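Each remark here refers to the structure printed beneath this line.
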Amino acid sequence: MKRRRPRIVIVGAGFAGYECARTLSRQAKGAAEIVLINPNDYFLYVPLLPEVAAGILEPRRISVSLTATLPGVRLVLGEVHDVDFDARRVDYTDPEDRGGSLSYDRLVLTVGSVNKLLPIPGVAEHAHGFRGMPEALYLRDHITRQIEMAGAADDPAERAARTTFVVVGAGYTGTEVTAQGVRFTDSLVRQNTGLRDGPRPRWLLLDLADRLLPELDERLSGTADRVLRARGVEIRTRTSVKEATADGVLLDDGEFIGTRSLIWCVGVRPDPLVEAVGLPTDKGRLCVDAYLGVPGRPEVFACGDATAVPDLTRPGETTPMTAQHAQRQGKVAAHNVAASCGQGTPRAYEHHDLGFMVDLGGVQAAANPLHVPLSGPLAGAITRGYHLLAMPGNRIRVATDWFLDAVLPRQGVQLGLVRSWSVPLDTETPEVARVPNDTPGRS
Ligand SMILES: Cc1cc2nc3c(=O)[nH]c(=O)nc-3n(C[C@H](O)[C@H](O)[C@H](O)COP(=O)(O)OP(=O)(O)OC[C@H]3O[C@@H](n4cnc5c(N)ncnc54)[C@H](O)[C@@H]3O)c2cc1C
């Protein structure tokens, strides 16, 4: 009788899940059934998301097709909401709201992270998060709309508020969004008769820490600080938001800033599924051993942002939430899953950080590849080259968009495809219970 192939179910197709599926499909060569469950049919190259929000890259450039690039992997569109570890089964909801379940012989959980929300009045209602494609597209339209409406406004206060953008959180996300955002609004204003001769749009970047990029090397902070200030960004360190309203934000030093654009980049937390499955966690991240196995469940593995992976290069600590780690962990998880099925031997995850790159738009970047600090056009070129190499597909399309952006004016048009109710900042608030920010109703 023919023996049934073991079924390996991978939940989440981000950096960790995609790499795990890709490695397993190459290694297993049909000896195992590999199933990938993800809400979307693409792998999102998140580090270039700010370039989508700033109108440089078209959204599909950084969305790599899962079915086209992962031959031998079965894609199931859906969102897992429960795991029965004793029955070895995951339950999910598909995009048409139908329930489904899948049994597994091996399970890999790579569900990543979501926006972190702080209990500050008005933030859940009035701030825009920045973690996925819908948010980037919504933000691109929102910024475009604010500039266009400012150009038509007679009231100077309204015009000032619509051309003021407040970004909270000066980690790499907030810093990149601000750096790209200033260049985007400058280019929109140049094309707008009502604003062309007025003051430049105002961008503020806030953080509670005493420097930009507080989690990275100080030399990268210095470069980013210099570049952003030269573009006119007001950098407010040791500052946060006390309250957000429809008309602006009240800072904790008592100043009120009139704005219609509060962009929330205060960091991320593990995906809510981690809490839902009820396994032991460390600061909200799922606990695993150095082999990326869940203790007491030899058939379950986990890695990436959602997981507290012991950092063998810094004993006592866990690996940071970065793509650099998530991708490499995905590969090790694949090896260890195969080893648990009798193919090869398990290996512990160990990776020395290779440095970080922060794209500041134009030809500017702050980078420390292999811990050599770089700035200016050389850093910019290395950063773009790195992204092209790291992307699993669409490289020519991305490079073409970069070339077009260098030689043509930015296209400032709204598409209106993503409505504010569909990009809630608070992932735990049911979307139907939310008050729409700026839409009269669902359409
Ligand atoms: C703007 C921005 C810029 C960044 N730049 C860099 C950078 O330059 N370098 C770097 O190293 N890191 C960077 N990061 C961090 C990096 O993107 C993350 O560390 C990385 O994406 C983590 O990979 P992951 O696979 O763990 O999770 P993710 O990439 O978040 O993927 C998780 C996947 O799981 C899916 N999922 C979630 N819940 C479920 C569920 N219940 N059922 C099924 N599927 C589910 C999600 O839809 C997603 O596809 C950046 C992050 C942001 C937001």
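Structural remarks
- In nm, spacing of pseudo-spin labels at Phe403 and Ala157 (7 Å Cα→C-beta vector): 5.1 nm
- For Tyr45, the shell of other residues with beta-carbons less than 12 Å away shows a net charge of +3, using +1 for Lys and Arg and -1 for Asp and Glu.
- Percentage of interatomic Cα-Cα distances in the chain larger than 33 Å: 36 percent
- Length-normalised contact order of the chain in % [C-alpha pairs under 8 Å, at least 6 apart]: 19 percent
- Extension gain, Asp426 back to Arg395 (0.36 nm per residue minus Cα-Cα distance, nm): 7.8 nm
- Heavy atoms of Glu96: accessible area, 1.4 Å probe, square angstrom to 10: 140 Å²
- When each of Lys283/Lys331; Lys116/Lys242; Lys116/Lys331 is checked by Cα-Cα distance, pairs over 18 Å: Lys283/Lys331; Lys116/Lys331
- Per residue, the solvent-accessible area of the chain (1.4 Å probe, heavy atoms of protein chains only, all protein chains present) comes to 45 Å².
- On the basis of the beta-carbon distance and an R0 of 60 Å, Asn192 and Arg5 show a calculated FRET efficiency of 0.50.
- Bridge orientation summary for the chain: considering DSSP beta bridges with both residues in this region, about 50 percent are antiparallel.
- Most mobile listed residue (Thr307, Thr319, Thr178) in the chain, GNM with C-alpha springs under 10 Å: Thr319
- Angle in degrees between helix 15-28 and the longest Cα principal axis of the chain, rounded to the nearest 10: 30 degrees
- Counting Lys and Arg as +1 and Asp and Glu as -1 over every other residue whose Cβ lies under 12 Å from the Cβ of Ala308, the net charge comes to -3.
- Mean projection area, nm², convex hull over Cα of the range 102-198: 9.5 nm²
- Within the range 164-261, percent of DSSP bridges classed antiparallel, to nearest 5: 40 percent
- Largest-first ordering by accessible area, 1.4 Å probe, given options Ser65, Ser101, Ser261: Ser101, Ser65, Ser261
- Local electrostatic count at Gly72 - Lys and Arg +1, Asp and Glu -1, tallied over other residues with Cβ under 10 Å: +3
- With a Förster radius of 22 Å applied to the beta-carbon distance between Glu218 and Leu370, the computed FRET efficiency rounds to 0.80.
- Computed from Cα atoms, the angle from the helix 133-152 axis to the main principal axis of the chain rounds to 10 degrees.
- Placing Ile56, Ile396 in order of accessible area, with the largest value first and a 1.4 Å probe, yields Ile396, Ile56.
The values are calculated or read from the model by the stated rules, or taken from the named source; none is laboratory data. For clarity, every value in this text was computed on a predicted model and none was experimentally measured. Note that we place each Cβ from the backbone using ideal geometry, even for glycine, and neighbour counts take in every protein chain shown. These area figures cover heavy atoms from the full protein model, side chains too; ligands, DNA and RNA do not enter into them. Shrake-Rupley method; radii C 1.70, N 1.55, O 1.52, S 1.80 Å.
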